[in-house]
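Engineer: Here you go, one structure.
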Amino acid sequence: MLRFLFMKPLYYLVLLCVGSLLPVASLRADDPGVKLKETVSAVLDVLYAPDTVDLSLSEKEEKVREVIDASYDFEVIIRRAIGRNWNLMNETEQVRVMALIKELILRAYVEGLGDKTAPEITFSPTVMVTDKRAEVPTIAKVGDTEVKILYRLGYLKSGWQLYDIVAEDISVVSNYRQQFDDHFRKGDGQSLIAKLEELLNKEDLDNDIKI
């Protein structure tokens, strides 16, 4: 049974944290942390800027989608999370599952941050693990609660892409891969699609939602 991590209040921050940004130390032009910071700032404008405050949830979702799609390919991290189960679905199922998961992420993300005080995000300097792998440590503070979030990026033909996010030592990719593995032991692509569609038809995405 899959539990969507993005539906827990603090984990709305997991995919692309937004908040009051503190300076990033010594970022080079080729530093992947630059694009991450710029994307965060743009999403922040969508969710908290005075001229967008009256937008509907669907309008905010679309604007956030445009911002993220311009910087990152969500399919990279979603495909990694689905893992070997990707090949257990036919092409039509793959396309539908990918679209539904993207939509769920965006909806949970926007609903979770709506009407809330912007979290404060502290970016640490980018750590270059290799010339094609980098990590950007951050701390997200919401009220009196702090969450450590580590962004893992890899350099692909399309540029720097997020391939995993670790929140409080929990890897999003590993967590979801295990849950997808559990689903496909008894289920298939069509049953996954049905559960994802059921989630999207709910009025509110809350902590108790499971698929």
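The values are calculated or read from the model by the stated rules, or taken from the named source; none is laboratory data. The shown structure was predicted, so the numbers you read here are calculated from the model rather than taken from an experiment. So basically every Cβ, Gly included, is an ideal-geometry build from the backbone, and we count neighbours across all protein chains shown.
Engineer: From 191, 174, grab the single residue that is at pLDDT 90 or above, surrounded by fewer than 17 Cβ atoms within 10 Å (Cβ to Cβ) and under 17 Å from residue 94 (Cα atoms).
Structural biologist: Answer to the check: 191.
Engineer: Can you confirm whether the stretch 138-151 contains a residue that is touching a Phe, Trp or Tyr at 6+ places or on another chain (Cβ under 9 Å) and either at pLDDT 95 or above or of a type in the set (S, T, N, Q) (or both)?
Structural biologist: Yes: one or more hits.
Engineer: Within the stretch 11-39, count every residue that is of a type outside the set (D, E, K, R) and either modelled with pLDDT of 80 or more or surrounded by fewer than 19 Cβ atoms within 10 Å (Cβ to Cβ) (or both).
Structural biologist: Of the residues in that region, 14 qualify.
Residues checked against (1) at pLDDT 90 or above; (2) closer than 30 Å to residue 187 by Cα; (3) not in a helix (DSSP H, G or I):
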| residue | (1), (2), (3) |
| --- | --- |
| 41 | no, no, no |
| 46 | no, no, no |
| 55 | no, no, yes |
| 68 | no, no, no |
| 82 | yes, yes, no |
| 93 | yes, yes, no |
| 104 | no, yes, no |
| 107 | no, yes, no |
